[in-house]
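The values are calculated or read from the model by the stated rules, or taken from the named source; none is laboratory data. Just so you know, these numbers come straight off a predicted model, no measurement behind them. For neighbour counting, all protein chains shown are included, and Cβ atoms are generated from backbone atoms with ideal geometry for every residue, glycine included. Side chains are part of the model used for accessible areas, which takes the heavy atoms of the whole protein and leaves out ligands, DNA and RNA. Shrake-Rupley method; radii C 1.70, N 1.55, O 1.52, S 1.80 Å.
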Amino acid sequence: MMNYPLTLAQMLEHAHRIHGDKRVQTVLPNGKMHDYTYAVLYERVKRLANVITELGVQRGDRVATYAANTYQHLELYYAIPCIGAVLHPLNIRLSAVQLAQIVHEAEDKLIFVDGMFTEQFEELRHKIGCKQIVRFNLNPADTDTFYEQLLGEVEPAYTWDIQDENWAMGLCYTSGTQGEPRGVLYTHRSMFLHTLAVNQADVFGLTEADVVLPLVPMFHAMAWGLPYACMFAGADMVLPGPKPTCIANLIAENGITVAAGVPTVWANAYPELLRRRKDISSLRRVIVGGEAASPTLIEAYEKELGVEVCHAWGMTEMSPTGTFSKLRGTHQNLSDAKKWRIKAKQGRPVPGVELRLAPEASTNFTELPWDGETVGEVQVRSPWTANRYYKSEPTTEHFTDDGWLRTGDLATIDAEGYMQIVDRAKALIRSGGESISSVALETALLKHPRVLEAAVIGIPDEKWGERPLAVVVLDEQARKKILDDLKQRLAVEFPKFWIPDRFVFVDEIPKTSVGKSDKRAIFAMFASNGKQVAGGSGTSHPKGEIS
Ligand code: AMP
C-alpha cells in the first residue's frame, strides 16, 4: 500500500476540491453575518501561509491565537499547521498570569489577536514583553500589523510541504491539577485520525448536508476537533463570533442541524429554545460534553424539543474525543426513562480508543470488571492520545508503565461498554466546561500568612455544574478582615470565574489516614448548597461561613 501522509494539508485540499461551494458563516462584532465559501477560505489560507512565513515563522515554531470562533480563527487553524508550524490557541478565559506562564513555556513566536479582545489582551501583552502581534476584526492598535492588510500584500499561491505526518500541528494547554498548566502537542497524523474517528456515523456522524454550530470555543481542546471534522465532511459551519449571541436565532436563521457545547450552554439556552420550538426544527442533534450532562437536561431536549442529545467525553490529552453516547439498536424498544439513563452515561469508546478500568491509586495494575458497578480509574490509549506532556518526560502520575494515559476520572463501565463517570480522582473542579485546579487555589490561599490550612472542593451548582468552595483554617481575629484579602489575592492570579463564591472557616480540615485533606469528607460536610450538613461535635465542623 502507498505510504500516504495523514496531514491537514491533505484534508484542506480535499475540502477545497470536493466541497469548494460549501459555506462558513461568522457572526461579526456588529451582529451582521460574514459569509463565504470553502473556496474563498482556501485562497485566504494560502495567502495567510505566505504572511506567516514572511513574518519569520519556521517549521516547528509555535504561533498563538487569542480569539473566539470566527472565520479568521478557522483560517489560522489550517494555515499555521499546513506550513509546518504549531497552532497554539490560548484560552482567553484564563488570567493574564496563567497565560503569560503558558506563552513563556510555549515560546510563541507570533500571536494573532481578535481586535474585539484588545482590552483584555493588554494585560497579557504587558506581561509577555515584545511579541509580534497581528490583529483582526476591530481596533488594530497602531503598533501592530493588521490581518487583512497583510493578506492583501501577498500572493495566493503556496505549496504545502509537510514531510512527515508526525510533525506537530497543534498545542493546547490543560489546567494542571497541581496548578501548573500542561501542554499537549498534537501531530498531523493524530489529528487526521481523530477527524476520521469522530466523523463515523456512530460518533459525530457529520455529513455534507449538515450545518454545524460549534459553540465549544476554538481555544478549548481544539474545539473538539470540529473545525477539521466539519470541513473534511463538507458540512456548512456557522461560527458564533466573539460576542455572545442568541442561540435560538442562530439555529432558526441558519438552519443549524448539529450544534456542540457544554451542558451550561444547553441549560441556559433551553427556555428560549422551548419557546421557539417550531423555529428550530432544523436542529437534529446536540453534542454535549466537557462535563456531565444531567439526565433531566437530556430528557428535556429529547422529549420537549425532539432533538437527539449525544453525550461525549474526552480530554485535551485525547484530542479530545474518547467516548460517545448513542443508543444501540437493541435499546430502541426500551422505555424513555431507560433510554435517557443510558444516554446520560458518557458513552462507549470511539472506535480506535481503548479503555480499561484500574484500581484507584494502585501501582499494581489489575483490570477491573465491566459490570456497571465496579468503580475504577479510567485508563486510555489511542492513536490520538498523548504519551507525555509538552517539554516533559512521562511520569507515573499521568502515564502507566505499559503506556496508557491515566485520566484521573473514576468511572464504571457496563457489559455493553458504556462508561459512566462517577467522580474525579484528580483535583479539578469543572465550571461551565472549564477546569479549575483546586490544588492551585489551595497553594495560593496557603501563601496568606493568616491561613493555617486550606482545601478547595467543587460543589454542585445549577448554572455552572460545579463551583469552588474554599475551606480554610484561619487566625480567629483576622477572619472577617481577611476575606477581602483572600479574594483579592486570588483575583491577581486567576480569572474571575475561578474565585470561590464562599469561604468557610474551620478549626481543622478532615484528614485521610495518611494525613492528606480528605476531600470526600469535606464534600459530605458542605455538599448541601455549600452549607455544613453534618452537625455534631468534633473539631472539624465549620466555625462559620462568610460569603
Ligand atoms: P479538558 O481537558 O479541559 O477538556 O478536561 C477533561 C476532563 O473534563 C475529563 O477528564 C473529565 O473529568 C471532564 N469531562 C469531559 N467530558 C465529560 C463528560 N461528558 N462528563 C463528565 N466529565 C467530563
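Scanning region 340-369 for residues that are free of Cβ contacts under 8 Å to residues at least 40 places away in the same chain and surrounded by 15 or more Cβ atoms within 10 Å (Cβ to Cβ) yields Pro359, Leu368.
Candidates in region 94-113 are the residues that are among the β-branched types (Val, Ile, Thr) and touching a residue at least 60 places away in the same chain (Cβ under 8 Å); of these, the one that is most open to solvent (accessible area, probe 1.4 Å) is Val97.
In region 416-461, the qualifying residues are those that are over 20 Å from the mean Cα position of the chain (by Cα) and acidic (Asp, Glu), and the one that is most open to solvent (accessible area, probe 1.4 Å) is Glu416. Apart from one condition, Met231 fits all of (1) away from the ligand (no atom under 15 Å from the Cβ); (2) in contact (Cβ under 8 Å) with a residue 24 or more places away in the chain; (3) touching a Lys or Arg at 6+ places or on another chain (Cβ under 7 Å); the exception is (3). The residues listed here are Ala269, Ala312; of these, the one that is within 16 Å of the ligand (Cβ to nearest atom) and not polar (S, T, N, Q) is Ala312. Taken together, Pro394, Pro359, Pro349, Pro383 contain a single residue that is more than 16 Å from the ligand (Cβ to nearest atom), under 28 Å from Gly329 (Cβ atoms) and not aliphatic (A, V, I, L, M), which is Pro383.
Looking at Gly170, Gly183, just one residue is within 16 Å of the ligand (Cβ to nearest atom), within 24 Å of Arg17 (Cβ to Cβ) and assigned by TED's automatic domain parsing to the domain that holds Val86, and that residue is Gly170.
Residue check: Thr207 meets all listed conditions (1) of a type in the set (Val, Ile, Thr); (2) over 23 Å from Tyr66 (Cα atoms); (3) in contact with an Asp or Glu (Cβ under 8 Å, 6 or more places away or on another chain) but one, namely (3). Is one or more of the residues making up region 374-393 open to solvent by 40 Å² or more (accessible area, probe 1.4 Å) and free of Cβ contacts under 8 Å to residues at least 12 places away in the same chain? Yes; the residues of region 374-393 include at least one that is open to solvent by 40 Å² or more (accessible area, probe 1.4 Å) and free of Cβ contacts under 8 Å to residues at least 12 places away in the same chain. Would you call Asn91 open to solvent by 10 Å² or more (accessible area, probe 1.4 Å), of a type outside the set (Lys, Arg), closer than 26 Å to Asp236 by Cα and in contact with a Phe, Trp or Tyr (Cβ under 6 Å, 6 or more places away or on another chain)? It is true that Asn91 is open to solvent by 10 Å² or more (accessible area, probe 1.4 Å), of a type outside the set (Lys, Arg), closer than 26 Å to Asp236 by Cα and in contact with a Phe, Trp or Tyr (Cβ under 6 Å, 6 or more places away or on another chain).
Among the residues making up region 423-476, those that are charged (D, E, K, R) and either within 30 Å of Ala260 (Cβ to Cβ) or within 14 Å of the ligand (Cβ to nearest atom) (or both) are Asp423, Arg424, Lys426, Arg430, Glu434, Asp461, Glu462, Lys463, Glu466, Arg467.
Of the residues Ala259, Ala292, only one is under 16 Å from Phe324 (Cα atoms) and modelled with pLDDT under 95; which? Please lay out each step first, then the result.
Values: Ala259 fails: modelled with pLDDT under 95.
The conditions single out Ala292.
Among the residues of region 198-217, those identified as of a type outside the set (Gly, Ala, Ser) and open to solvent by less than 30 Å² (accessible area, probe 1.4 Å) are Val198, Val203, Phe204, Leu206, Asp210, Val211, Val212, Leu213, Pro214, Val216, Pro217. When region 251-268 is limited to residues that are open to solvent by 10 Å² or more (accessible area, probe 1.4 Å) and among the hydrophobic types (A, V, I, L, M, F, W, C), the one that is farthest from Tyr66 (Cα to Cα) turns out to be Ala252. Return yes or no: is Lys326 basic (Lys, Arg), within 14 Å of the ligand (Cβ to nearest atom) and within 28 Å of Val24 (Cβ to Cβ)? Yes: the conditions hold for Lys326. Screening region 117-235 for strands (runs of 3 or more DSSP E) wholly inside it with 2 or more residues that are more than 22 Å from Pro320 (Cα to Cα) and of a type outside the set (S, T, N, Q) returns the ranges 132-136. Taking region 218-250 as the range and being more than 25 Å from Leu41 (Cβ to Cβ) and either open to solvent by 10 Å² or more (accessible area, probe 1.4 Å) or in the same structural domain as Glu13 (by TED's automatic domain parsing) (or both) as the test, only Cys246 passes.
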